[in-house]
Amino acid sequence: MADTSQTQRDVVLDLVDLDRYPIADLDNNPGAEFLAECQSSIDSNGWCNLEGFLQSDALARLNTEANALLPTAEVLNVKRNIYQGAVDPSLPKDDARRKEFIHSAVQLADDQIPAETALKQLYKSEILTEFVRRVQMKEQLYRCADEFQALNVVALQPGSWHAWHYDTTECTVTLLLQAAETGGEFTFLPNSRTDEEEDREAVDRLLGGDMSLAQTFSRGAGTFTLFRGGYSLHGVTEVEGNHPRISAIMTYDEQPGRVIGDEINIRIYGKRVEQILANRKTGAIA
């Protein structure tokens with residue numbers, strides 16, 4: 001059950017357009033009807049897209065917060081395969097796990113986003129977490145416990161893109177804070193793998209440049225998108241224009257206390273996180 005205390009409700013009431021998206025009451029109409037629509041979209045499409053999820057003043061507030069924090073972020077040049085790992089040279093040359101992709105982004109990890117920001121408070125909202133759980137039709141769902149991956153802010157500058165990848169957790173939510181002038185479209189291959197197998201034919205076609213099986217859609221600032229990022233290969237097309245595309249990425253997991261391995265975090269976040277983890281192992285102050 002969601003915690004509907006005044007503190008948690010205030011966060012949602014201040015930020016979310018509850019008239020349009022009644023996430024605070026999903027057991028009675030119109031909330032129950034809205035929830036059913038979201039579940040149907042996830043079930044049939046692999047995604048649920050909520051345009052104008054934030055109130056206009058809340059969008060401006062969160063966008064201002066993100067832009068104020070981004071100058072402290074690092075430019076990360078990430079080279080990885082689609083599974084967030086390193087290449088296994090023992091695999092056949094045509095295996096998807098041997099292909100590496102590079103993307104460059106200005107990125108804030110969870111530990112760089114202050115607890116007092118409205119964005120962090122929104123992510124911590126029990127009402128929002130319960131909404132995501134019920135849309136994803138999970139018996140239980142928790143916010144990711146990883147100190148770096150739980151909540152991120154990613155800015156893609158003009159000329160950059162987000163390379164093809166699977167997320168390290170199944171349930172991922174993106175909140176677009178600032179749209180690109182052109183380009184920067186979210187593109188993905190719905191339900192391209194399960195825990196047991198992967199649709200290698202579809203994946204290989206996409207990696208080879210065949211977009212016929214992919215779904216692509218433009219989104220305006222303030223859009224909240226739920227999708228199964230751990231099971232759907234996805235990325236963002238090249239950003240064009242004069243300003244960056246900025247999004248918040250919220251991660252959830254069915255297992256409580258889930259953290260991501262050091263190797264993956266270093267691969268994603270680079271030298272800063274590598275130094276933090278090294279200092280921790282030696283007992284030095286980070």
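Listed by first and then second residue, the pairs linking a residue in segment 1-29 that is surrounded by 16 or more Cβ atoms within 10 Å (Cβ to Cβ) to a residue that is assigned to a helix (DSSP H, G or I) and modelled with pLDDT under 80, with Cβ atoms under 6 Å apart and 6 or more places separating them unless they lie on different chains, are A24/V12.
Taken over segment 72-89, the criterion of being assigned to a strand (DSSP E or B) and not basic (K, R) is satisfied by E74, V75, L76, N77, V78. When restricted to residues that are touching a residue at least 24 places away in the same chain (Cβ under 8 Å) and either among the charged types (D, E, K, R) or within 20 Å of W161 (Cα to Cα) (or both), segment 46-62 contains 2. Taking only segment 45-78 into account, find how many residues are out of contact with any helix residue (DSSP H, G or I) (no Cβ under 8 Å at 6 or more places or on another chain) and not hydrophobic (A, V, I, L, M, F, W, C). Here the count works out to 11.
Hey, among R280, R267, which residue is surrounded by 13 or more Cβ atoms within 10 Å (Cβ to Cβ), out of contact with any Ser or Thr (no Cβ under 7 Å at 6 or more places or on another chain) and among the basic types (K, R)? Spell out the reasoning first.
Working: R280 fails: surrounded by 13 or more Cβ atoms within 10 Å (Cβ to Cβ).
Selected residue: R267, the only one of R280, R267 that is surrounded by 13 or more Cβ atoms within 10 Å (Cβ to Cβ), out of contact with any Ser or Thr (no Cβ under 7 Å at 6 or more places or on another chain) and among the basic types (K, R).
If you check L91, L119, L176 for being of a type in the set (A, V, I, L, M, F, W, C), over 22 Å from T237 (Cα atoms) and within 15 Å of the chain's Cα centre (by Cα), only one passes: L119.
Listed here are the residues, each with its yes/no results for (1) part of a helix (DSSP H, G or I); (2) surrounded by 15 or more Cβ atoms within 10 Å (Cβ to Cβ).
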| position | (1), (2) |
| --- | --- |
| L91 | no, no |
| V106 | no, yes |
| D111 | yes, yes |
| L119 | yes, yes |
| R133 | yes, yes |
| Q149 | no, yes |
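Here S56 meets the list (1) under 21 Å from M250 (Cβ atoms); (2) surrounded by 12 or more Cβ atoms within 10 Å (Cβ to Cβ) almost entirely, failing just condition (2). Residues that are surrounded by fewer than 16 Cβ atoms within 10 Å (Cβ to Cβ) number at least 2 in the following strands (runs of 3 or more DSSP E) confined to segment 159-255: 215-217.
Being more than 13 Å from the chain's Cα centre (by Cα), more than 25 Å from I268 (Cα to Cα) and surrounded by 18 or more Cβ atoms within 10 Å (Cβ to Cβ) is a property that does not hold for E139.
The values are calculated or read from the model by the stated rules, or taken from the named source; none is laboratory data. Bear in mind the structure is a predicted one, so any value in this text is a computation, not a measurement. Using ideal geometry, Cβ is built from the backbone for each residue, glycine included, and neighbour counts are taken over all protein chains shown.
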